[in-house]
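Trainee: Starting off with a structure, shown below.
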Amino acid sequence: MAIKAAIDNVVAAFREAFTCLGLAFRDSLRPGILLRSAGICILASVFWTWVFFHYYEQIGIGCGALSFFIVYGGAVLGFLPSLSGGGGGGMAGMAGPLGMLVLYVAALALVMAVVLYSGAIVLSIRVALRWVLMGKVRARWLRHYPALQQRAKGDGNLLLGARYILGPWLGFTLGTLACLLIPLVNGVLLVMLLAYLNVRFLTPSAFASLVSSSEQLEAINGQRGAMLAFGLLVLLLALVPVVNLLLPALLAGGACHLGYRGLNPAPSAAGAGAAAQVSLPPC
């Protein structure tokens, strides 16, 4: 039953993420948003392509060293049996495990370089879009949630407000350390953590003064799985030519939709109704 519940949760999270991606894609095709989005994406892509081209040797050495640390740690702990054994004695017996070690390290280093390239582009976009695009996207996306436009509440609880703002930073620092301490799967866990935080860091800008911190935290708690799934989809879209020109708008719009849709189960303010869900049929 626990496995079935976990699978259902994963399916529900990706369903919500795809729905929000579709909603964000619909409005991101508007000329003003499209031009800003494409401009940010082209600048970020050109910059990081230049960096990786000019410093490929240093980047390769870094990815290789980290890959060797992960693979060797997994072999020492017995997670990779094919690397721990070796038939016969002497150098002949070591050839097989050493060859497998080199193969694992090279494959992981290549994957790590691709993820690093994609992550660098997405992070640069994430930093820029808050000032260049987020305001226009938020104003456009709010039109689909008329009930939210009538609500404007400040933070009535300073403790909850501090937790709401500082939570992602604590997750970034402590979560990164925790992921790195777990052998073999630390790279996967780190990518998942950064994919989630990439969306989570945008929620303060998406909500702004619309609702209180307690409602925002409650909405986020119900959308954590969908935020993780959406963050992973964004990392994949960063590698798709042409479509990645919409990445800034999709990231900003997806964060808005995830947050606003998550407010539905949250308690409504006095005299205000819950935000209506938005469906995918065209406007």
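Trainee: Could you count how many residues in the stretch 23-61 are surrounded by 15 or more Cβ atoms within 10 Å (Cβ to Cβ), within 30 Å of HIS144 (Cα to Cα) and not hydrophobic (A, V, I, L, M, F, W, C)?
Mentor: Qualifying residue count for the region: 6.
Trainee: For the stretch 142-158, indicate whether the set of residues that are in a helix (DSSP H, G or I) and at pLDDT 80 or above is non-empty.
Mentor: Looking through the stretch 142-158, at least one residue is in a helix (DSSP H, G or I) and at pLDDT 80 or above.
Trainee: Being of a type in the set (Val, Ile, Thr) and in a helix (DSSP H, G or I): is that true of VAL191 here?
Mentor: Answer is yes for this residue.
Trainee: Please determine, by comparing only the residues of the stretch 207-244 that are crowded, with 20+ Cβ neighbours inside 10 Å and over 16 Å from the mean Cα position of the chain (by Cα), which one is nearest to LEU35 (Cα to Cα).
Mentor: PHE207
Trainee: Kindly list the number of the only condition in (1) surrounded by 14 or more Cβ atoms within 10 Å (Cβ to Cβ); (2) modelled with pLDDT of 80 or more that fails for ARG163.
Mentor: (2)
The values are calculated or read from the model by the stated rules, or taken from the named source; none is laboratory data. Quantities reported herein were computed from a predicted structural model and do not represent experimental measurements. Ideal geometry is used to build each Cβ from the backbone, glycine not excepted, and the neighbour counts take in all protein chains shown.
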